[in-house]
Structure formats: structure tokens, C-alpha cells
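The values are calculated or read from the model by the stated rules, or taken from the named source; none is laboratory data. Computed from a prediction, not measured in an experiment: that's the story for all the values here. Note that we place each Cβ from the backbone using ideal geometry, even for glycine, and neighbour counts take in every protein chain shown. Only protein heavy atoms, including side chains, enter the accessible area calculation; ligands, DNA and RNA are left aside. Shrake-Rupley method; radii C 1.70, N 1.55, O 1.52, S 1.80 Å.
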Amino acid sequence: METPLWTLDELGARVALALAVDYDGQANGRVRDVPDRRTIRYYTTLGLIDRPTEMRGRTALYGTRHLLQLVAIKRLQTHGLALTEIQARLVGRTDAALRQLARLPDDIGPQSDAKPQAAGRDRFWNAEPAAPEMAAGPAVNQEVRQLTGLPLAPGATLLLDAARPPDDHDLAALRVAAAPLVKLLKARRLLADEGTPHTKGEST
Amino acid sequence: MTKALLPMTADEMARAQAPAVELDEPGFGSLTTERGGLPLTAMTVATRIDGLIAQTDLMQTYQNVHAEPLEATYIFPLPDRAAVTRFRLEVAGRLIEGELKERGAARKEYDQAIKAGHRAAITEEERPCVFTMRVGNLPPGEEATVRLSLTGPLPYTEGEATYRFPLVVAPRYIPGTPLPGPSVGAGVVPDTDAVPDASRITPPVLLPGFPNPVQLSLSVEFAPSALAPTTLKSSLHAVVEEQNARVRKVTLQPGERLNRDFILRFRVAQEKVVTALSLQPDADGKEGTFALTLVPPAHGNSATKPRDIVFVLDRSGSMGGWKMVAARRAMARMVDTLTDADRFTVYAFDDSIETPKPFGGDQLLAATNRCRFQAVEFLSKIEARGGTEMAQPLTQAVSRLAQDVAAKDIKARDRILVLVTDGQVGNEDQILKQIGKQAKQVRIFTLGIDRAVNEAFLKRLADLGGGGYTLVASEERLDEVMDQVHRHIATPVLTGLRLEPAGLAFVPGSIVPARLPDLFTGTPLVLTGRYRGTAGALALQAREASGAMWSAKVAPDVGGNPAAASVWARGRLRDLEDRYAIDRSDELEKEIVATSLRFGVLCRFTAFVAVDRSALVNPGGQVHGIVQPVEAPEGWEIPGQRLYACAAPMTAASRSTPEALLHAMFGAASEANDGELELSDAGDVECVDSYLMDFGATKQTAPPATTHAPTRGGEDDVRINVSSITQRIQNTTSDWPARLDTLRAVIGELDQIFSAMLGQSQGASEMLELAEVIAKIRALLAEAQPDEAAVNELWTRTETALQSFLVFLGGPAPGQREEFWK
């Protein structure tokens, strides 16, 4: 059977579609988000979803099983399950079991199995690795200072050339000390609007 | 309703009927046990140690709890020096003997058997220490057991032998660009041009808190032998049983997880290990295998050559936590042993390379006090981060060291590359190919730091570089092996070792290791090889450190270990595979396959396959495939999202964005445990330190483990004292008589601090400076009329010395950080 192959965006669209139909309703809006590339890779590391079916250049392609797995993860998350529990329930599930759990609507695409197939490279064990990409000449940098960033308020970040990573006490003390500054910045309307979306750390 | 295919335990029943049962609706799964539907249920490791050879029987049990026929895939480690000599599949009450075949042929046979519907299993080697087991067409509800037989030598150094059995393949960094099309294996990372089989060495990883899925049993039995072990130390909870006066058996406590190496060390009296040649003729008597143990002459030769050393430090993300601390300390202490006559540089790498301030490009600088101080200060600030782009720094280091070969004084200098790393990369062959040819001109010493180290790779590098390898699996162990580490970068006792026939017709080119290493005091060399005809002696020639010739003749002793041929073949295959990685040819591949098949020892170019042809259980061969997820290695502090770091185009850039910095800062909050064993009160082994446990001859009750090793606690105390003295000095008013009084008040404490640290940090530049400051203060206090300028100058110097000493100790004292911004 012809196996459908989707890019991450196409896969994401189908996950959203599947979740919109037969949506159980749940408290946390976060789990409705379609996972991003990095989260997908994390789930792959955990065996929650299979590796991409194949690569075209740098583009990873996915199949029906990935769709089933992602929707199943989302459904379990709406039940409030922790990732460890989801891992215990999902790793190694048959397609039939996943399909029951994912409850995909019928019009989401053909339900064929898109498990990774054997590659054409039959004798991979004597495949020669490509030469590594090397810098011409010595690629040594003098030590670079890594700055530590501390978000004080939406729109305000303190950059420190810190002697050591700040611990929780430091962070608390810094936030208290910075409060008057933040107040000033807000009073002078120097900060981005509270409502303006800004990037947050990743949630998994 | 829950459909049980196999009897469930009461626990599992209760769990299946617990409130979460709404998720176990019809069809959700055939059986939801608490460990999920994972196929591997049990692993048994039974080892017998005879002299310095270990024979291991490994059993893995797989179970199909699903409603469809199963193909289970398990990516697992084995000791890299062990020869896999036998494979059996036990299924449906039958025991099927596996056959060793050329890898392509074996894979084809397995695929055909699965397609036809037979139960079958195949064992393949991906790396000298990474293997893949597949058990296919396992019907629902059935169980299969595979058995592997292994034989390997035990490394022996400084009177101590080590048996190591790895239990997990740790996540490895995979560099390169993804290859087009599907990947060749079942793992989680797609194949890349740098690692064309990345998908075969990257198992999925279990989250912390996942119930232990595999029941592990492990035992090591010591055969009665002249090399009786005297002191036993284990990395995991174990007990010793005395079976009778001469046989001892070490058994692992139940409940251990497959998340780190099992390491068993034992002492063997040094006078029992002597220079000897043992011969083991083949059954037909025409040829045979020899093993030569060479104990280096002990005379303390004080002749030292000046050295050129490039220190390469892996500071990638996987090195986080105790590993980074140990790596920094190890390297700083090596740097501290250098003298003005030596030249060196330090490369700290992740996906870029950094070097301390005075060094630039690939410059080597004389190891003056100042340079060493700056290097040590640089090292003290290194934190783990980023990817493991190891090819560039190693290539650069090797070519830098090799570049002076033509120079006149080159014979007079030792050229040494020191690599400190956990070895967690997948592109071993790429790196070997890159540095292989030039590596012959330098000596390579590798220090492996991890509890699930990629030992095979670090040994391959050390073998290629004619040097040595040392493993450190805890901070405490680092202190124990530091002398050994220093010896490895010191002048060897013997170099340029050559073997000459003196009666024994050995086969030229059969000697393992292929590059005869330099010899160091305390580490005997074991050479193996093949010979033809009758027994005879071997002659050895080498050069002493002073330049004088050294020679010896060793008489044969017929009746070696019957496993000698397997052990030799394994070593030979490793050498040939390394040569293939560096300089491939079809002839070499043929020689590898032929050696593997003739001696019945598995290698990367062959595979063991077992097919149960007595029954057709799944015509058509449609199977449900599961890759067994493995534990995250113990003692790693890397956030889960980055477990399998790959060379994604964004990695290098992402580090410099503010977002990534914030993430790095706030995402790294996890307080992982530092790997120290907690002993229950009921434990019956004595705990000497928090990591390794000593076994006494009699069973003793273990005291509860302390959370910090004694040395660490001591350092904390010292740190607090140094901090408080520093503060007293800083709080003194700037008038010089007051300063003099303060110096008089603290001199006693400074003395105490200095003696407290003397045992641990002798030779560190900070210690030297502290010693000088103390001497100067004493001299100043002894003066009848101290001079104002002298007091002020010394006051400043004391403050600076204390502050660097504080940095050297690892930062300000705990509990004194609240007001750091003042």
C-alpha cells in the first residue's frame, strides 16, 4: 500500500484536526498545542513516537503511525497523565492499540502503516563515514565569556558577566533589588506591553 | 475490560483495575502491566574468573504481551575486549544453536526465516561494545531466551584487576548531516553522513521514575587459582559468599537497574604476576596461540624527557555534574605536574574549541608557573554545555604534535595527547580515519569519566596511540588513580619494544596489539599472537629511558588457557577493524570475515543467526516491532530534551541567543543525585567510601553512607575558613598597623589550612603561592620595625592569594553567597 508521508507541518495540521474532532475537553490549554520540532525529537528519544520515516535532505517525513502516536499522547495528557505514565502506556503499542486510543476521525487520511522500512543501504556496516567538516587552520578561540541572562519582567532582561551561576537565593535577591528599576521602566513605558506575546522557555 | 494473556500478579491486577482503568478500555492494549508492553523482562549475567580471564554466560529473556507476533530489538552493551563465541536461542521448549556467518548472509537468512513464519533471532555487532539482538516471530503470550557466551581478558595494573560489565548504551552525540531515505536501524536518531549507522546505536530512553522493567541477576565466581583475589570492590550492591575455602562468589543484590557499568575490582599480589610466555597449541597441533605477559622492569629510572602535551577536555553537555568536576580536577592536576622544560596547551571543546588566555591558535607554551596557573584557572571555570564535536580538536591536537617530527630535537621530546571525556559519540570510525595516520607519531592517553563510559572507543584511541587508558567512575576513584595517570604522561620505562623469535616461530603481523605500546611501571603488558610448529622461546628488545638497550628472553610454558585463541582472535579482529576504518580495502574485509569465521568469534562483519525451523508460527512474517527502551545513565545531569544531542543546524547558533541562555540557566535546575550509593541498614557489605564497597573476608554490617565523601567535607571546611579569613582581611581598615595586626591574627589559621590541603593539592600553583605568602608574613612579623609599604604590599598579595585559592577550591563557601553583589 502507498504510505502517506507528511512533513512536520502537515503532520501537525492533522494532529490539530484529529484533536478538534471528538475533543474531550480538559483543564489545561497547553496540551492542545501541536508539539514543536524539539518536543517531537524529545518524544522520539523517549520512544513515544517513532523516528521520522525517512529524510529528504534535512526535512523529516512522518507517517500514519506518528499521527496515531501524537494524538494518543495528547489524549493521555488530557487525562492528566505524567509523561512517565504516558511512556509506560505508549511505548511498544501495536497500531491497533494506538488507533483505539487516538480515536482518529475517518477523514484524516489512509490508515496505512508507516513504520520505518529497511533502508536501501544494504551493507551499512562497511559504509564509509564522510570526512568531518573541518575549519581550515587551527580553530581555537580564546576563552569566551558566556553571559547569564535573568528575566526581570516581560521585556526586561539583566545580562550578567557572572562569576558563577546564580543560585535561587541570588535570583530572589536580584528580583527584589530590581523591583524599583522595573517600576521605573514600566512608568516610563519602556517595556513591551504585558499582553504582547513573548518567547518563554519550552514546556514539556 | 482487561484481557490477560499471561497470569498477572496481584499487583498488576490491582493496578489494571485502579481508577485509571478508564484508559484501559477495550483494545487499548492487550495487557497493561506497570512496566508497559516492553519485551525484555530479565537478564542474567554469570561470570567465572580464572586467573585474568573471564568467561561469561549472558541470558536475555523476552516476552510478548501483545496481541500480535512480535519482533523485539534490543541495543545493548558488552565488554569490548570479550569474544562472543556462542549464541543460542531457547524458544517453545527447544534450544537452537546459532550459526556464525558473514553478516550479509546472516541477515538474509534471518529475514527469510521471519518472512516464512519461523521463530528466529540474530546477534550483530555495531561497535566493539554495542550489539543488537533481534528476536522475531515471537507469538503472543510466548517467551524466548537468548544465550551468549563471552570470553575476555581482565585488565591488570598496579596490583589490581578490573572486571567490568556494561549494562547500558548511553546516549551518544551524533554529528553530521542526515542521509536521504529511510535509516538502517531501529533506534531513535536518523543515520547521518558522519555516522551512517546512527539508527543502530541509539535506543530510546526511559524517563526517571519508570518502574524497573528488567529483572537483573549478576554473579561472579572466582575459580581456585594461583591469582587469588584479596580485596574486592564493587560499583553496585553485592554480597560475597564463601562457597568453600577456595571458591568465592559475588552476587548482585536484586533490584539493581540497568543504568551503569558493573565494575568489580580485586587485588592480585604483584609478585604473582610475572613475565611469562604461555603457549596453547590448536587441536591439530600445527599452530597455536601464545600469550606473553611482560612486567616492566621496576628500577626507578629518573631520566625524564621534556614533553609536548596537548590536553583535550570534553566539556559537552553530557559531561555535566560530577563528571565535569572530576574532569577539571584531573586535568588541572596533570597540568600541575609539568615543568618549565615541558610545552603544552589546553583545548576545551564542545562544538567549538577554547584555549586559555596566553595560548593562541595551536601554539604550545613552556609550562612556566604563570602558564600553568592560567591554564588551571581557565579549567576551573569550564562548565559543561553544547555538542560533542570531537573530530576537530583531536585532529588539530594530533597534527600540532606531529608537525615538529622533522625538527632536530624531536627525538629528545615526548609528544603526548591527553583526552579526558566520557567518549559518548557515535562517529568513532570517522575520528579514527581522520587521525589514524598521524596518530602513529604521538602517544595518546585517554581518561574515561562516566558510569556508562564508551570504553571501547577510548581504548581504540589509546591502542592507536600506543598509550594507555584509565577509567574513572566516581570522584573518589579519581584520587585513587591519579598516580597512575601521572605515570601515563611521564617518561616510559621502555619504548620501541620489538619481538624476536628465539625458538618460537611466531606469525609476523599476528601480534595483538598491532602497535606495541610504551611500557610504564606498574602496568604489565599482555601480548598475544599466533605461532607455527613447536614450542620455543621469545626474545624482546626495547630502549630504556636513559637510551640504553634492554633485552630479555622468555622461556615458554605449554598449557595456557584453552580460551587463548578466542581472546587473541577478538583482539586481532579489533585491530583489523580499526585498520579498516583508517584504510579500507576489500582484501582487509575478506581477512576480517575469514578470521572471524575460522575462530568462531563475532565481529562487525559477521553475525550469529538462529532459526527454529520446526514450526511455522506466523506465515507472511507481519510482526509488531518494538525497540527496548533503556535506562538513562546514572549520574548524568543532562536535561532529557538533550539526551540525544545531534548536530542540528541550530545547535551552534542556539547557544548564543538570549532565549537559549535563559533556558540553559533556568532549565538546568535539576538536582540530580551524584551517584553515591545509599546502603540500606540491612546491607551486608562494608562501605569504605560512598561509591566503591570493600568486601571483607567476613560479612559486616554496613554503616549508613554519608552524603559527602570525607575529602569533600574537609574541603568544605577549608573553604569556609578561607572565606572567613578573606573577609577579615577585606574588612580591615586601610591603616597599616591594623593590617599588620590582622595578618598576625590569621597566620595560625593560614598554616592550618595549608597543612589541611597539603595531602590533596600539593603542587597546585595556588598552593605554592599560599606557601610563599605564609612565609613572607612570618618574615614580616619577625621584623622589629616593619615597613609601611611592605605591609601594604603583602596585605594585597595575601588577599589575592586567598581569592585565587578560593576559586581553586571551587568557589565561595556554602551559605556565604547571599550578599555576593556587594
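Quick notes
- Helices (runs of 4 or more DSSP H) wholly inside the stretch B:377-473 that include at least 3 residues being more than 25 Å from residue B:491 (Cα to Cα): B:428-435
- When residues of the stretch B:419-464 are limited to those that are among the basic types (Lys, Arg) and surrounded by 24 or more Cβ atoms within 10 Å (Cβ to Cβ), the one nearest to the other protein chains (Cβ to nearest Cβ): B:460
- Contact annotation: residue pairs with Cβ atoms under 7 Å, 6 or more positions apart or on different chains, pairing a residue in the stretch B:767-789 that is over 24 Å from residue B:805 (Cα atoms) with a partner that is crowded, with 16+ Cβ neighbours inside 10 Å, are B:786/B:740; B:786/B:780; B:788/B:736.
- Residues of the stretch A:38-52 satisfying the condition of being in a helix (DSSP H, G or I), over 20 Å from residue B:210 (Cβ atoms) and either at the interface with chain B (Cβ under 8 Å from one of its Cβ atoms) or touching a helix residue (DSSP H, G or I) at 6+ places or on another chain (Cβ under 6 Å) (or both): A:38
- Only one entry of A:60, A:20 meets the criterion of being among the small types (Gly, Ala, Ser) and either under 30 Å from residue B:196 (Cβ atoms) or at pLDDT 90 or above (or both), and that entry is A:60.
- Pair list, Cβ < 7 Å and 6+ apart or interchain, from the stretch A:124-147 residues that are within 17 Å of residue B:360 (Cβ to Cβ) and open to solvent by 50 Å² or more (accessible area, probe 1.4 Å) to residues that are modelled with pLDDT of 70 or more and aliphatic (A, V, I, L, M): A:141/B:353
- Qualifying residues in the stretch A:174-204 (those that are touching a Phe, Trp or Tyr at 6+ places or on another chain (Cβ under 8 Å) and open to solvent by 60 Å² or more (accessible area, probe 1.4 Å)) - the one modelled with the lowest pLDDT: A:204
- Exclusive hit being part of a helix (DSSP H, G or I), under 42 Å from the mean Cα position of the chain (by Cα) and modelled with pLDDT under 65, set B:698, B:707, B:711: B:711
- Some residue of the stretch A:88-99 being outside any loop (DSSP other than H, G, I, E, B) and at pLDDT below 75: no
- The residues on offer are A:77, A:69, and the sole one that is outside any strand (DSSP E or B), more than 8 Å from chain B (Cβ to nearest Cβ) and either crowded, with 22+ Cβ neighbours inside 10 Å or hydroxyl-bearing (Ser, Thr, Tyr) (or both) is A:69.
- The lone exception for residue B:224 - which of (1) in a loop (DSSP other than H, G, I, E, B); (2) within 7 Å of chain A (Cβ to nearest Cβ); (3) free of Cβ contacts under 8 Å to residues at least 24 places away in the same chain it fails: (2)
- Filter result for residue B:33 (within 14 Å of chain A (Cβ to nearest Cβ), under 29 Å from the mean Cα position of the chain (by Cα) and either open to solvent by 20 Å² or more (accessible area, probe 1.4 Å) or modelled with pLDDT under 95 (or both)): no
- Filter pass, residue B:151 being open to solvent by 10 Å² or more (accessible area, probe 1.4 Å) and of a type in the set (S, T, N, Q): no
- Qualifying residue in the stretch B:726-740 (condition: under 43 Å from the mean Cα position of the chain (by Cα) and either over 30 Å from residue B:486 (Cα atoms) or at pLDDT 80 or above (or both)): yes
- Of all residues in the stretch B:296-323, those being closer than 30 Å to residue B:531 by Cβ and surrounded by 17 or more Cβ atoms within 10 Å (Cβ to Cβ) number 1.
- Selection within the stretch B:170-188: residues that are outside any loop (DSSP other than H, G, I, E, B) and at the interface with chain A (Cβ under 7 Å from one of its Cβ atoms). The member of this set that is least open to solvent (accessible area, probe 1.4 Å) is B:181.
- The stretch B:338-373: number of residues that are surrounded by fewer than 16 Cβ atoms within 10 Å (Cβ to Cβ), modelled with pLDDT of 90 or more and either out of contact with any strand residue (DSSP E or B) (no Cβ under 7 Å at 6 or more places or on another chain) or facing another protein chain (nearest Cβ under 9 Å) (or both): 5
- Restricted to the stretch B:189-205, and to residues there that are out of contact with any Phe, Trp or Tyr (no Cβ under 8 Å at 6 or more places or on another chain), part of a loop (DSSP other than H, G, I, E, B) and at the interface with chain A (Cβ under 7 Å from one of its Cβ atoms), the residue that is farthest from residue B:581 (Cα to Cα) is B:204.
- Checked against (1) more than 25 Å from residue B:436 (Cα to Cα); (2) open to solvent by 10 Å² or more (accessible area, probe 1.4 Å), residue B:482 meets all criteria but (2).
- The stretch B:508-522, residues that are free of Cβ contacts under 8 Å to residues at least 40 places away in the same chain and surrounded by fewer than 20 Cβ atoms within 10 Å (Cβ to Cβ): B:508, B:509
- Screening residue B:598 with (1) in a helix (DSSP H, G or I); (2) farther than 20 Å from residue B:284 by Cβ; (3) open to solvent by 30 Å² or more (accessible area, probe 1.4 Å) gives one miss only, at (2).
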